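Since the structure comes first, as structure tokens, the remarks are kept for the end.
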Amino acid sequence: MGTTVSVENSELLERAPVLDGMCSERKVHVVPEHADTPAVTRRRRWARVAAIAAVSAVALTGCQGKLSNGFLPEAVSNTGDIVTNLWVGGWIAVLAVGAITWGLMLYAAIRFRQRKGDDGLPVQLRYNVPVELLYTIIPIFMVAVFFYYTARDEAELTDVSAKPDVTISVVAKQWSWDFNYVDSNVYESGVHTQLDGQPGARAQMPVLYLPVDKRVEFVLNARDVIHSFWVPAFLTKLDMLPGRTNRMQVVTHQEGEFQGKCAELCGAYHSEMLFMVKIVSQAEYDQQMAHLAAIGQKGQIPVDASREKLVRGDDKLVPAPALTEGVSP
């Protein structure tokens, strides 16, 4: 009977024909160096699992939230509170349904498992009306409940009927932001923040000042393409469409400095369309408004000096001082 010889070394690979000639009764089975043996495959599989676990651990350590708020960023406005409550409530409902489903699956697997001596098939049923009604009605009920709470909270998030304490006209442009403080008749004009790896990038970003514990209305317009006004700490955002005017209101309830950004792909430097939000006391807010007036930034940056004319009706949503031109017919 022939003998099989495994050759794994590259030097022996070259000598394999010689060995084959010297031992006519032996079979030389050549194993390339790159071929995976079962042991190597197992080691690589466990290495991939360990790598995935490590990446997941790093990602979870970067979460800003905690279990009580569903690992969302800490909300600093009433809109954030609404979104957090909806998010956490949704997860509680989903986990409860999941626990019941998994429990029923486990019960069925144990209760109706094949036992020793069972050679025949279980009773075959074509249908079961009560069970089919159960798994039809329950999902419909679940979707209806989710829809109700989502619609309720969405209506509250988009409600702008309340009288704001502060009105700010926000104009998005490639690739920065202009802020018109309507009540104080001053403005802040931003320039493109260049993230070139050099220190001081944050100092280049335009800063949006907001007074704490006040209702702020943002009047949102885009000067060129579609943008989206997003402050992650508010846990809500709203698109800004050329020629259209959108509005949103938030009530701030925590002082601090927070990041703002564009959440809609708007061109080559979308990732650098950044701004900072500073929620401060009323006294500090008034001081900043006085500072802007002192350095000559009085008045309002025109909102309608854009690529697209404001459509009729949307122009009435823009504060009058920020309008200079007519609207499209």
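The table for this structure:
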quantity	calculated
R152 paired with Q124, simple spin-label distance in nm, labels 7 Å along Cα-to-beta-carbon	4.9 nm
Segment 142-185-segment 69-90 distance, computed between alpha-carbon centres (Å)	16 Å
Span from the segment 187-219 Cα centroid across to the segment 230-288 one, whole angstrom	8 Å
Accessible-area order (highest first, 1.4 angstrom probe) of the listed residues K214, K316, K173	K316, K214, K173
Mean separation of Cα contacts under 8 Å (6+ apart) over length of segment 170-219, as relative contact order %	29 percent
Residues of segment 122-235: accessible area per residue with a 1.4 Å probe, Å²	57 Å²
Extended-chain gain in nm, criterion 0.36 nm per residue less alpha-carbon gap, S68 and I140	23.1 nm
Projected-area mean, segment 59-216, by convex hull of Cα positions, square nanometres	18.1 nm²
Spacing of the two label points (7 Å from each Cα toward its C-beta) at Q259 and R312, in nm	4.4 nm
Mean Cα-pair separation over length for segment 246-285, i.e. relative contact order, pairs under 8 Å, 6 or more apart, %	45 percent
Inter-site label distance for I110 and N185 at 7 Å from Cα along Cβ, in nm	7.6 nm
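The values are calculated or read from the model by the stated rules, or taken from the named source; none is laboratory data. Everything quoted here is computed from the prediction, not taken from an experiment. All Cβ positions, even for glycine, are placed from backbone atoms using ideal geometry, and neighbour counts span all protein chains on display. Only protein heavy atoms, including side chains, enter the accessible area calculation; ligands, DNA and RNA are left aside. Shrake-Rupley method; radii C 1.70, N 1.55, O 1.52, S 1.80 Å.
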